[in-house]
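For reference, the structure is listed below as structure tokens.
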Amino acid sequence: MPESFDVIVVGVGAVGSATCYHLAKQGLRVLGLERFAIPHAQGGSHGNSRQTKIAPYIGGPYEAIILRAYELWRELVAESQQPDIMVTTGFLDVHRQPQVAHYNRTPAPKDTGYFEKLDLAEIRHRFPQFQLTEPYWGTWDPTGALLRPELAITSFVRMAMQQGATILGNTPVQSWKADRFGVSVQTDRDTYSAGRLVLCAGPWMGKLLSDLSIVCTANRMSFGWVWPLRNAKSFLPEAMPCWCIDDEPGIYYGFPMMTDVPGYKIGLHWYGENVDPDQFDRMPNAHDEELIRVGLRKFFPDGNGPLLGLRTCLYDHTPDDVPIIDTHPDHDLVTLCGPLCGAGFKFVPAYAEAAAELAVTGTTTLPIDFLRIKRLLKQS
């Protein structure tokens, strides 16, 4: 292994693995450092499934990023020859409020094909698994898809290493330094040097950025799998889309049953407690189960069957819940890619492409001004 690299990437989860790949395919000497095994279930990029969709982002600041991400997900599927990384299921987005800002700004379906609005009767007709009453309504995005996080990460890592990258698992980073000549990273194994550094540490970004006086937090979340009580076929991908339901105390979300994981997955978005990512109770408990049972009893009585599994994960947050993709304000050779604020997986390949461009050239072709760190420095 060479003693010096062009770029070191700290954190080889979802966005870190993709960043290693984007850098390595340019012929750069890349070192990826991951504190856990690759992939792992200690952060936020595990659990066999994630959602992606286009409709909510059209007309807003994320539009170019989600469209580029879709292109890159499809490229990953083709290059890795792993079609299960992205499985098109469609996406059903259910709301209670009569007006939802991102759908008001989205162009009409005849202009884009990204979504159509569904009243309650149409939802019941198309998706009888959903037990909804007034005032719920929804939108249907036929481009919605199920993403496989572990498969995506392993594919990015495999392709990065095939391009010459060096990636080390079970190698915790203890500290990093940067000056105008380069960067160095101290791990529990050795000290590594490079021309540039990219920080993609997910829930641990707050600790790595503590010198900036920006409070980034980690939030303990949970999700689970159950076997339907009745009509199990209606929870398979050919009948059940990915979905979200805006409700109290957060947003319920779920996925169809997949062949490699028994049961129907459901979780609750935007709840939980702030924790130290190195010291918290990872063991799921009865409260975690009850959170999903509330949603099952209310919206999916046919699905409210035996529990097959519960897992915890971590969301990482900035003070305004908008990700950070930028050059470090004090170190031109250091690029920041995170926190991604609990909704970042769908954007991962585009965020990684932007981070790789920033690391190499200091600029990016993606419109990321709203993700720049300066907005937080003004508040701190």
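Where a number appears in this text, it was derived from the coordinates with a stated rule and is not lab data. Source: prediction; values computed, not measured. Please note: Cβ atoms are built from the backbone with ideal geometry, for glycine as well, and neighbour counts cover all protein chains shown.
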For the chain, calculate the relative contact order in percent as a whole number, restricting contacts to Cα pairs under 8 Å that are 6 or more residues apart.
-> 23 percent
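I want to verify the translational diffusion coefficient of segment 121-200 in µm²/s; compute it with Stokes-Einstein, Rh as the Kirkwood radius over Cα pairs, at 4 °C and 1.567 mPa s.
After rounding, the answer is 73 µm²/s.
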Which pairs in the list 265/346; 177/207; 53/117; 346/374; 53/265; 265/298 are over 21 Å apart, alpha-carbon to alpha-carbon?
-> 346/374
May I ask for the percentage of alpha-carbon pairs in segment 210-351 that lie more than 22 Å from each other?
-> 48 percent
Sites excluded, GluC sites (Glu not before Pro) in DSSP loops with at most 13 other C-beta within 10 Å, longest stretch of the chain = 4-237
For the chain, with equal point scatterers placed on the C-alpha atoms only and solvent neglected, what are the log10 I(q)/I(0) values from the Debye formula at q = 0.07, 0.09, 0.12 1/Å, to two decimals?
-> -0.31, -0.51, -0.91
Using a cut-off of 10 Å between beta-carbons, work out the net charge of the residues near residue 260 (Lys and Arg +1, Asp and Glu -1, residue 260 not included).
-> 0
Label point distance in nm, residue 365-residue 75, each placed 7 Å from Cα along Cα→Cβ | 0.8 nm
Taking the convex hull of the Cα atoms, report for segment 39-95 its projected area averaged over all directions, in nm².
-> 5.4 nm²
Using 7 Å Cα-to-Cβ label points, what is the residue 372/residue 82 separation (nm, one decimal)?
-> 3.5 nm
Taking only the alpha-carbon positions of segment 29-141 as identical scatterers, the Debye log10 I(q)/I(0) at q = 0.11, 0.12, 0.23 Å⁻¹ comes out as -0.52, -0.61, -1.32
Rounded to one decimal in nm, the spacing of the 7 Å Cα→Cβ label points at residue 119 and residue 210 is 5.7 nm
